[in-house]
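See below for the structure under consideration.
The values are calculated or read from the model by the stated rules, or taken from the named source; none is laboratory data. Remember, it's a predicted structure, so these values are computed and weren't measured experimentally. Glycine gets a Cβ as well: all are built from the backbone with ideal geometry, and neighbour counts include every protein chain shown. The area values use the complete protein model at the heavy-atom level, side chains included, leaving out ligands, DNA and RNA. Shrake-Rupley method; radii C 1.70, N 1.55, O 1.52, S 1.80 Å.
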Amino acid sequence: MSTPFYVSPQQAMADRAEYARKGIARGRSVVVLQYTDGIVFVAENPSRALHKVSEIYDRIAFAAVGKYNEFENLRIGGVRYADLRGYTYDRDDVTARGLANVYAQTLGTIFSSVGEKPYEVELIVAEVGSAPEEDQIYRLPHDGSIVDEHGAVAVGGNSDQIGSYLDQRHRDDFSLAEALKLAVESLSRDNNGGDRQLTAEQLEVAVLDRTRPQQRKFKRILGRQLTRLLEADGSSLAKTDEPSDTEEEGE
């Protein structure tokens with residue numbers, strides 16, 4: 001009889017973590033930045049049908065990198081959790097912290113399970129407050145841990161290099177145009193330190209805008225509005241909601 005192959009628990013978990021990290025690193029990056037009037041999400045994503053950034057609830061948005069089918073299942077679960085909690089209790093009881101805890105439990109259970117592979121995803125859950133100091137941004141790696149972020153954060157691809165670039169240049173008093181310009185500059189940098197050219201058609205951009213009069217603060221930046229922001233010189237632009245052909249709300 002052959003002797004069963006033994007792998008220590010520590011080595012097994014390390015192997016699972018390495019597997020998940022490699023899968024996540026193959027995806028294109030997403031960056032999330034705070035600016036004066038809210039939080040902006042910028043992803044390198046040429047698809048107009050498969051979103052990396054989505055609305056979850058009134059003031060809460062979700063961004064993800066990795067395997068689309070896996071993070072899409074998590075997004076749908078988050079929407080259901082938020083709707084049920086808001087309906088059962090109160091809309092104000094739906095928070096990014098509560099949603100991050102739910103995602104952390106799900107990811108942690110899957111990561112430590114022997115019967116299935118770990119999810120190859122990394123998530124960001126963000127909530128815009130009535131003032132900048134009340135904004136919340138949580139990053140959730142593949143193992144279900146929760147990292148409380150502030151200012152700017154990057155996930156997926158060469159996130160370490162992008163994150164370092166953002167940390168050196170980000171300011172909380174950025175206008176939307178300035179924040180978007182910095183995000184695109186960081187995503188344009190390749191692993192060798194060179195620059196690529198990213199166009200509006202290659203980007204997925206959305207904001208949680210605290211100044212919007214409606215209860216739902218999520219708004220996609222599309223079409224002419226995105227082009228104007230990318231072409232701006234960094235100065236603040238007049239804040240106007242675009243017509244329906246350049247804005248998409250909800251999912």
Pairs of lysines 8 or more apart, or on different chains, with alpha carbons under 15 Å: count those in the chain, would you? 7
Which whole-number value in Å³ per residue fits the convex hull of the alpha carbons of the chain? 143
Any GluC sites (Glu not before Pro) in segment 125-173 that lie in a DSSP loop and have at most 13 other Cβ atoms within 10 Å would be none
Using the Cα centre of the chain as origin and beta-carbon charges of +1 (Lys, Arg) and -1 (Asp, Glu), tell me which of M13, Q214, V65 is placed farthest towards the positive end of the dipole. M13
May I ask you to evaluate 6.51 cos²θ - 1.76 cosθ + 1.60, the Karplus curve with θ = phi - 60°, for each residue of segment 200-216 and list the ³J(HN,Hα) values in order in whole Hz, giving x for glycine and proline? 4, 5, 9, 10, 10, 10, 8, 9, 9, 9, 5, 8, 5, x, 7, 5, 7
Quote the charge dipole size of segment 84-193 about the Cα centre in Debye, to the nearest 20; the model charges only the Cβ of Lys and Arg (+1) and of Asp and Glu (-1). 280
Within the chain, helix-based [θ] at 222 nm, where runs of 4 or more DSSP H residues each add -39,500 (n - 2.57), nearest 500: -11500 deg cm²/dmol
Expressed per residue, the solvent accessible area of the chain in Å² (1.4 Å probe) is about 50
I want to verify the translational diffusion coefficient of segment 12-91 in µm²/s; compute it with Stokes-Einstein, Rh as the Kirkwood radius over Cα pairs, at 25 °C and 0.890 mPa s. 168
Electrostatic dipole magnitude of the chain [Cβ: Lys, Arg +1; Asp, Glu -1; Cα centre; debye, to 20]: 520
P(r) of segment 75-183 in 5 Å steps, Cα pairs, percent per bin? 2, 11, 17, 20, 18, 15, 10, 5, 1, 0
Just order 88-95, 216-223 by mean Cβ neighbour count inside 10 Å, highest at the front, would you? 216-223, 88-95
Checking A82, A14, A183 against a Gaussian network model of the chain (alpha-carbon springs below 10 Å), the top fluctuating residue turns out to be A14
